[in-house]
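Every number in this text was worked out from the coordinates using simple rules, so none of it is lab data. Computed from a predicted model, the values in this text were never measured in an experiment. We place every Cβ from the backbone using ideal geometry, glycine too, and count neighbours over all the protein chains shown.
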Amino acid sequence: MTIAAGFVPGQGGRAALDLALQLARSGTAEPVAVVTVVSAGWRTPSPARVDAEFAAWAAEQGARALAAAGEQVAAAGPDVTVTYRTVAGSSVRRTLLAAAAEAVADLLVLGSSGDGPLGRLVLGSTSEPLLHSSPLAVAVAPRGYRVSPAPGSAG
């Protein structure tokens with residue numbers, strides 16, 4: 001079983017990735033596919049080239065997000081196989097589902113909205129619709145969820 005983790009820098013993304021790593025460790029060393037969605041931008045080129053500037057900015061944001069995810073995985077321990085991917089799309093929900101399908105994921109892990117108290121689930125604009133319509137299982141990490149580093153890791 002592959003576990004897809006939707007990752008955005010910040011608390012919700014960190015909680016989702018921690019939960020995905022914990023779930024991967026609880027089975028038979030399941031692989032984790034970290035997915036960051038960036039805006040696809042405009043479909044028509046701009047004479048002022050702002051579309052190219054926006055695409056470069058979005059790619060940079062995606063690279064930063066995946067670097068942060070890589071640091072978090074390294075700190076959590078090297079016992080899980082993790083792949084990283086930035087995907088551009090106009091709908092975060094559809095793009096996450098497509099990326100999870102490409103990774104042949106059986107589970108999509110998301111973070112809780114930052115609007116609620118620590119330790120609680122608060123569904124947001126991405127997680128709520130996916131819970132109702134996703135063709136694969138969805139897990140939502142409670143706000144602020146953290147996992148201890150793997151045994152034998154330096155993190």
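Starting from the range 1-46, pick out the trypsin sites (Lys or Arg not before Pro) whose DSSP state is loop and whose Cβ has at most 12 other Cβ atoms within 10 Å.
Numbers: sites: 14, 25, 43; in loops: 43.
Those satisfying the criteria are 43.
Its relative contact order, with pairs defined as Cα atoms under 8 Å and 6+ residues apart, puts the range 1-147 at 35 percent. Rg and Dmax, both from the Cα atoms of the chain and both in Å, are 15.8, 55.
Neighbour counts of other C-beta atoms within 10 Å: give me 126, 28, 83, 2 arranged from fewest to most.
Numbers: 126 20, 28 7, 83 12, 2 16.
Listing 126, 28, 83, 2 from fewest to most nearby Cβ atoms yields 28, 83, 2, 126.
Please work out how much length the chain gains when fully extended from residue 136 to residue 48, using 0.36 nm per residue of separation minus the C-alpha to C-alpha distance, in nm with one decimal. Before the final figure, lay out the partial values.
Working: separation 88, 0.36 × 88 = 31.68 nm, distance 4.16 nm.
Net length gain for the segment: 27.5 nm.
The overall shape of the range 36-103 is oblate: from the C-alpha gyration tensor, with semi-axes ordered a ≥ b ≥ c, the ratio a/c is 1.5 or greater and a/b is no larger than b/c. Rounded if a/c is under 1.5, else prolate if a/b is larger than b/c, else oblate: which is the range 78-152, with a ≥ b ≥ c the root eigenvalues of its Cα gyration tensor? Oblate shape, in that a/c is at least 1.5 and b/c is the bigger or equal ratio.
Result for the chain in a Gaussian network model with C-alpha springs under 10 Å: among 103, 48, 74, the largest mean-square fluctuation is at 48. About the centre of its Cα atoms, the chain shows a dipole size close to 180 debye [charges on the beta carbon of Lys, Arg (+1) and Asp, Glu (-1) only; nearest 20 debye].
Separation of the range 69-92 from the range 109-151 is 16 Å, based on Cα centroids.
Over the residues of the chain, the helix contribution to mean residue ellipticity at 222 nm works out to -13000 deg cm²/dmol, using -39500 (n - 2.57) for each DSSP H run of at least 4.
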